[in-house]
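Engineer: This is the structure, below, for whatever I ask next.
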Amino acid sequence: MKSFKSYTDRSCRYFERPGAVNTRQVLEMVSQRAALQDISRIVIPTYSGKSALAAAKMIDPAKLVAVTTVYGFKKPNEQLMTEATRRRLLAMGIQVVTAAHAFGGVGRSVRRKLETYQVDEIIAYTLRIFGQGTKVAVEAALMATDAGCVRVDENIISTGGSSSGLDTALVLQPANTHSFLDVKIREVLCKPANF
């Protein structure tokens, strides 16, 4: 009788602390993992474009999807990513998504006005038990899916961070925001151990 292995050993990197200090190591892990399996896209959340530009130095820009937030996120009518940076990313072949946070749209408005949490922010807090970067990676994948930049029937790598830069990377099968519970986190490539 032939036996078979019912598991796969994969490496996961745990960082001592969260934050931008880990960006290069995250991108190294992403680059290595994307080479092992056919990963259709790599999602990079980025307010200013800096993380996406760093990713483009290590990963084929045609595979990258940069996800930034809406106009007015910090100040009314202002975008955190400059138009020059957006044009630069697009010229490199990087898709750029500008969208409302999947876990912080209308629900955040209700919390601010009525001082009560809605389900989207409860989901965000639940994902944060794995670290802020995990929440961001899942959220950015939803936003990229809603924009049509990633498919729901293919595995992608989605990254996240804690305030700036990258400190988390996940292999996942994405879903649209309205089908959030269909997201499948397949692997954790790296994340902070202390957060």
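Engineer: Name, by its number, the condition in (1) among the basic types (K, R); (2) part of a loop (DSSP other than H, G, I, E, B); (3) free of Cβ contacts under 8 Å to residues at least 24 places away in the same chain that does not hold for R17.
Structural biologist: (3)
Engineer: Quick one: which of A99, A84, A91 is modelled with pLDDT under 95 and of a type in the set (A, V, I, L, M)?
Structural biologist: A99
Yes or no, residue by residue, for (1) of a type in the set (S, T, Y); (2) outside any helix (DSSP H, G or I); (3) within 27 Å of L36 (Cα to Cα):
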{"residue": "S109", "(1), (2), (3)": "yes, no, no"}
{"residue": "T116", "(1), (2), (3)": "yes, yes, no"}
{"residue": "I122", "(1), (2), (3)": "no, no, no"}
{"residue": "E139", "(1), (2), (3)": "no, no, yes"}
{"residue": "E154", "(1), (2), (3)": "no, yes, yes"}
{"residue": "G160", "(1), (2), (3)": "no, yes, yes"}
{"residue": "L166", "(1), (2), (3)": "no, yes, yes"}
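Engineer: Hand me the list of strands (runs of 3 or more DSSP E) wholly inside the range 31-103 holding 2 or more residues that are free of Cβ contacts under 8 Å to residues at least 24 places away in the same chain, surrounded by 14 or more Cβ atoms within 10 Å (Cβ to Cβ) and in contact with a strand residue (DSSP E or B) (Cβ under 7 Å, 6 or more places away or on another chain).
Structural biologist: none
Engineer: Quick one: how many residues across the range 104-154 are free of Cβ contacts under 8 Å to residues at least 24 places away in the same chain, surrounded by 18 or more Cβ atoms within 10 Å (Cβ to Cβ) and of a type in the set (D, E, K, R)?
Structural biologist: 2
Engineer: Does the range 144-151 contain at least one residue that is assigned to a strand (DSSP E or B), more than 20 Å from T126 (Cβ to Cβ) and out of contact with any Pro (no Cβ under 8 Å at 6 or more places or on another chain)?
Structural biologist: Checking the range 144-151: not a single residue is assigned to a strand (DSSP E or B), more than 20 Å from T126 (Cβ to Cβ) and out of contact with any Pro (no Cβ under 8 Å at 6 or more places or on another chain).
Engineer: Here are some residues: A34, A55, A100, A20. Which one is under 29 Å from F195 (Cα atoms), among the small types (G, A, S) and touching a helix residue (DSSP H, G or I) at 6+ places or on another chain (Cβ under 6 Å)?
Structural biologist: Selected residue: A55, the only one of A34, A55, A100, A20 that is under 29 Å from F195 (Cα atoms), among the small types (G, A, S) and touching a helix residue (DSSP H, G or I) at 6+ places or on another chain (Cβ under 6 Å).
Engineer: Report whether or not L27 is under 16 Å from the mean Cα position of the chain (by Cα), in a helix (DSSP H, G or I) and within 15 Å of V188 (Cα to Cα).
Structural biologist: The answer is yes for L27.
The values are calculated or read from the model by the stated rules, or taken from the named source; none is laboratory data. Nothing here was measured: the structure is a model prediction, and the numbers come from that model. So basically every Cβ, Gly included, is an ideal-geometry build from the backbone, and we count neighbours across all protein chains shown.
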